[in-house]
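Peer 1: Below is one structure. I have some questions about it.
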Amino acid sequence: MNILILGSGGREHALAWAVMQNPKCDKLIVAPGNAGIAQIAECADLDVLNGAAVVNFCDENAIDFIIVGPEAPLAAGISDRLREAGFNVFGPSKAAAMLEASKAFTKEICAAVNAPTAGYGHFTDADAARAHIREQGAPIVVKADGLAAGKGVIVAMTEAEALAAVDDMFGGAFGGAGAEVVIEEFMEGEEASFFVLCDGKDVLAIGTAQDHKRVGDGDTGPNTGGMGAYSPAPVLSDAVATLAMEQIVKPCMDEMARRGMPYQGVLYAGLMIKDGQPRLVEYNVRFGDPECQVLMMRLGAQALDLMLACAEGRLADAQVHWADDHALTVVMAANGYPGDYAKGSVIGGLDGLPEDSFHMCFHAGTARDKGQFTANGGRVLNVTARGATLAEAQARAYAMVDAIDWPGGFCRRDIGWRAL
Ligand code: AMP
Ligand code: GLY
């Protein structure tokens with residue numbers, strides 16, 4: 001079959017890498033892709049937010065299956081446009097993508113089914129939000145309701161910080177995303193990510209992972225999109241995963257179906273786990289980035305079969321074949337990230353890296369300039385490895401990092417520390 005993946009990051013490179021290994025894939029196009037993806041698949045210059053353009057492209061290229069990587073096209077309704085045109089798509093409808101696009105909507109779904117999550121208030125007015133903060137005290141969490149590229153959440157340790165966040169949000173610091181604000185109880189515990197597929201009816205767990213959000217070693221410095229990840233996440237034991245499935249994921253998916261907006265695609269549940277009890281922090285309607293890279297490294301070719309089963313409503317009969325293995329990815333970012341950084345620095349050593357089912361350097365933001373790879377974003381490379389143990393995966397990933405010659409970039413040296 002002819003497959004189209006939408007997106008341009010390390011997540012999409014990992015999806016492409018897994019899909020290519022499956023003999024069902026005859027032709028793979030990634031739009032818009034990046035310089036690393038171009039080494040394994042055709043890349044096409046396409047505006048993934050433009051539904052009509054994507055539908056046209058699929059017609060012209062006889063595409064049989066579309067996998068949507070990022071949340072923005074999902075929230076803009078790309079899956080609806082493609083399904084209306086008769087295409088087979090992996091990714092939720094615009095209505096179902098509200099689980100990521102509106103934090104208030106997610107809280108309402110959780111409340112309807114009593115899913116464990118932080119207590120909250122939903123505000124459209126700054127005075128009421130301020131009064132709520134004064135009443136609850138700190139620590140407290142202030143969130144812009146809408147999509148804010150991962151920046152719309154302020155975990156406020158003091159009341160003053162929370163009040164300032166409310167002023168920023170209603171003042172327009174996050175544009176339309178901050179016109180409504182959710183204020184949540186601060187939850188303590190250890191965070192982990194739980195990935196499930198849902199076909200509108202049935203759900204299937206496909207893996208767990210843990211991310212490293214802070215830029216510096218020892219979880220210091222500002223927040224980022226994620227500096228590394230590993231899978232599985234030991235804190236998300238089978239017992240915790242069962243609770244998350246029965247108390248949070250399944251009831252929420254049933255509620256979505258009841259409301260006439262069945263969820264179809266991958267659901268990423270961010271969980272806070274304390275004393276063996278998971279509570280929902282947030283849903284995302286896509287694979288995590290860089291969590292996808294470690295999941296794909298472990299799932300390999302079966303990832304395509306699972307995504308097809310999901311899109312075609314066949315999850316009741318689908319199975320995941322787990323290996324007893326571990327994967328870890330180290331993000332290499334441009335110096336200065338997550339603040340200002342330069343583009344265009346030359347990255348050497350990539351051509352000599354091993355590429356097999358245990359080693360893969362996924363590209364998150366690279367370009368080609370006169371035959372050389374250059375940095376073209378904040379997060380640039382996802383150096384990913386698999387092993388029989390997490391320690392082995394970590395050693396393999398850092399051996400690859402050490403073979404990369406990129407003075408313009410840096411990485412954390414302690415990815416995996418919590419589990420090791
Ligand atoms: P979100 O975008 O909702 O995932 O929030 C970003 C990060 O803020 C999460 O990964 C958590 O580390 C933190 N966070 C969000 N909500 C809470 C909460 N209610 N309690 C504690 N930490 C939170
Ligand atoms: N790594 C966090 C995310 O993809 O949202």
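Peer 1: Give me the residue from the range 215-244 that is under 12 Å from residue 194 (Cα atoms) and among the polar types (S, T, N, Q) and, out of that set, nearest to ligand 2 (Cβ to nearest atom).
Peer 2: 231
Peer 1: Sticking with this structure for a sec: Please go through the range 181-202 and pick out each residue that is over 11 Å from residue 267 (Cα atoms), surrounded by 19 or more Cβ atoms within 10 Å (Cβ to Cβ), away from ligand 2 (no atom under 16 Å from the Cβ) and among the hydrophobic types (A, V, I, L, M, F, W, C).
Peer 2: 181, 182, 183, 187
Peer 1: Name the strands (runs of 3 or more DSSP E) wholly within the range 288-379 that hold at least 2 residues that are in contact with a helix residue (DSSP H, G or I) (Cβ under 7 Å, 6 or more places away or on another chain)?
Peer 2: Result: 326-334, 359-363.
Peer 1: In the range 122-129, is there at least one residue being within 21 Å of the chain's Cα centre (by Cα) and not in a helix (DSSP H, G or I)?
Peer 2: Step one: of the range 122-129, the residues within 21 Å of the chain's Cα centre (by Cα) are none.
Looking for residues that are within 21 Å of the chain's Cα centre (by Cα) and not in a helix (DSSP H, G or I), one finds none in the range 122-129, hence no.
Peer 1: Among the residues of the range 213-243, how many are within 21 Å of residue 266 (Cβ to Cβ) and within 18 Å of the chain's Cα centre (by Cα)?
Peer 2: The number of residues fulfilling the criteria is 10.
Peer 1: Sticking with this one: Listed residues 205, 165; which is surrounded by 14 or more Cβ atoms within 10 Å (Cβ to Cβ), within 24 Å of residue 105 (Cβ to Cβ), modelled with pLDDT under 95 and out of contact with any Leu (no Cβ under 6 Å at 6 or more places or on another chain)?
Peer 2: Selected residue: 165, the only one of 205, 165 that is surrounded by 14 or more Cβ atoms within 10 Å (Cβ to Cβ), within 24 Å of residue 105 (Cβ to Cβ), modelled with pLDDT under 95 and out of contact with any Leu (no Cβ under 6 Å at 6 or more places or on another chain).
Peer 1: Sticking with this structure for a sec: If I ask for residues that are under 16 Å from residue 153 (Cα atoms), out of contact with any strand residue (DSSP E or B) (no Cβ under 7 Å at 6 or more places or on another chain) and not hydrophobic (A, V, I, L, M, F, W, C), which ones from the range 79-123 would you list?
Peer 2: Within the range 79-123, 102 is the sole residue that qualifies.
Peer 1: Can you pull out the residues in the range 215-226 that are charged (D, E, K, R) and at pLDDT below 95?
Peer 2: Listed by number, the list holds a single entry, 219.
Peer 1: Would you point out which residue out of 239, 229, 257 is within 21 Å of residue 329 (Cβ to Cβ), at pLDDT 95 or above and of a type in the set (Gly, Ala, Ser)? Walk me through it before giving the result.
Peer 2: Working: 239 fails: within 21 Å of residue 329 (Cβ to Cβ); 257 fails: within 21 Å of residue 329 (Cβ to Cβ).
Of 239, 229, 257, the one residue that is within 21 Å of residue 329 (Cβ to Cβ), at pLDDT 95 or above and of a type in the set (Gly, Ala, Ser) is 229.
Peer 1: With the requirement that a residue be of a type in the set (Gly, Ala, Ser) and either within 14 Å of ligand 1 (Cβ to nearest atom) or in a helix (DSSP H, G or I) (or both), what does the range 180-217 give you? Write out each step before concluding.
Peer 2: Step one: of the range 180-217, the residues of a type in the set (Gly, Ala, Ser) are 189, 192-193, 200, 205, 207, 209, 216.
Hits for the range 180-217 are 189, 192, 193, 209.
Peer 1: Applying the selection to the range 251-277, what residues are outside any loop (DSSP other than H, G, I, E, B), more than 16 Å from ligand 2 (Cβ to nearest atom) and under 20 Å from the mean Cα position of the chain (by Cα)?
Peer 2: 252, 253, 264, 273
Peer 1: Of all residues in the range 77-131, how many are over 23 Å from residue 270 (Cα atoms), at pLDDT 95 or above, surrounded by fewer than 18 Cβ atoms within 10 Å (Cβ to Cβ) and aliphatic (A, V, I, L, M)?
Peer 2: 1
Peer 1: I've got another one for you. Just one of 283, 263 is touching a strand residue (DSSP E or B) at 6+ places or on another chain (Cβ under 8 Å), more than 16 Å from ligand 1 (Cβ to nearest atom) and closer than 25 Å to residue 120 by Cα; which is it? Steps first, please.
Peer 2: Values: 283 fails: more than 16 Å from ligand 1 (Cβ to nearest atom).
Of 283, 263, the one residue that is touching a strand residue (DSSP E or B) at 6+ places or on another chain (Cβ under 8 Å), more than 16 Å from ligand 1 (Cβ to nearest atom) and closer than 25 Å to residue 120 by Cα is 263.
The rows are residues; the columns are (1) of a type in the set (D, E, K, R); (2) within 13 Å of ligand 1 (Cβ to nearest atom); (3) crowded, with 24+ Cβ neighbours inside 10 Å.
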site	(1), (2), (3)
272	no, yes, no
290	no, no, yes
295	no, no, yes
306	no, no, no
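Peer 1: Considering only the range 153-179, state which residues are in contact (Cβ under 8 Å) with a residue 40 or more places away in the chain and either within 16 Å of ligand 2 (Cβ to nearest atom) or outside any loop (DSSP other than H, G, I, E, B) (or both).
Peer 2: Within the range 153-179, 166, 167, 170 qualify.
The values are calculated or read from the model by the stated rules, or taken from the named source; none is laboratory data. Quick caveat, the model's predicted, so the values are computed rather than measured. A quick note on method: Cβ atoms are made from the backbone with ideal geometry, for glycine too, and the neighbour counts reach across all protein chains shown.
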